[in-house]
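Here the structure is laid out as structure tokens; the discussion comes afterwards.
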Amino acid sequence: MEDRERMKARVRELAARAWDIPAIEARYRRLLQDGIAPRRLDPTAVVVAKASTLDRVQQRAEEYEYLGHN
């Protein structure tokens, strides 16, 4: 039950979020047009930036999900 309540709270939070639709759409179009550019990553920097990277991935996933109405 605790998971269900936490999920309900997250849904309410996402529903109340102010979405920057033009910025999300522009980023999404660039992604579709250009794809994901290959990069060489420094393993140490990846470990240091892990938390912020995961937060950014979560944010982008929520934005694209909102944009796609899935």
For this session: Could you grab the Rg to Rh ratio for the chain? Cα atoms only, Kirkwood for Rh.
Result: 1.06
Seminar exercise, completed: Placing +1 on each Lys and Arg Cβ and -1 on each Asp and Glu Cβ in the chain, then taking the dipole about the Cα centre, the residue among P43, Q33, P22 whose Cα reaches farthest towards the positive end is P43
Seminar exercise, completed: Taking every alpha carbon pair in the range 27-67 and sorting the distances into 5 angstrom bins from 0 up to the bin holding the longest one, the percent per bin comes out as 5, 19, 18, 25, 20, 11, 2
Exercise. Per residue, what accessible area does the chain have, given a 1.4 Å probe and all protein chains present, in Å²?
Worked result: 91 Å²
Problem set entry | Of all accessible heavy-atom area on the chain, the percent that carbon and sulfur account for (1.4 Å) | 57 percent
Problem set entry | Helix-derived mean residue ellipticity, 222 nm - over the chain, DSSP H n ≥ 4, -39500 (n - 2.57), to 500 | -24500 deg cm²/dmol
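The values are calculated or read from the model by the stated rules, or taken from the named source; none is laboratory data. Since the model is a prediction, treat every value here as computed from it, not as a measurement. A quick note on method: Cβ atoms are made from the backbone with ideal geometry, for glycine too, and the neighbour counts reach across all protein chains shown. To get the accessible areas, we keep the full protein, side chains included, count just its heavy atoms, and leave off ligands, DNA and RNA. Shrake-Rupley method; radii C 1.70, N 1.55, O 1.52, S 1.80 Å.
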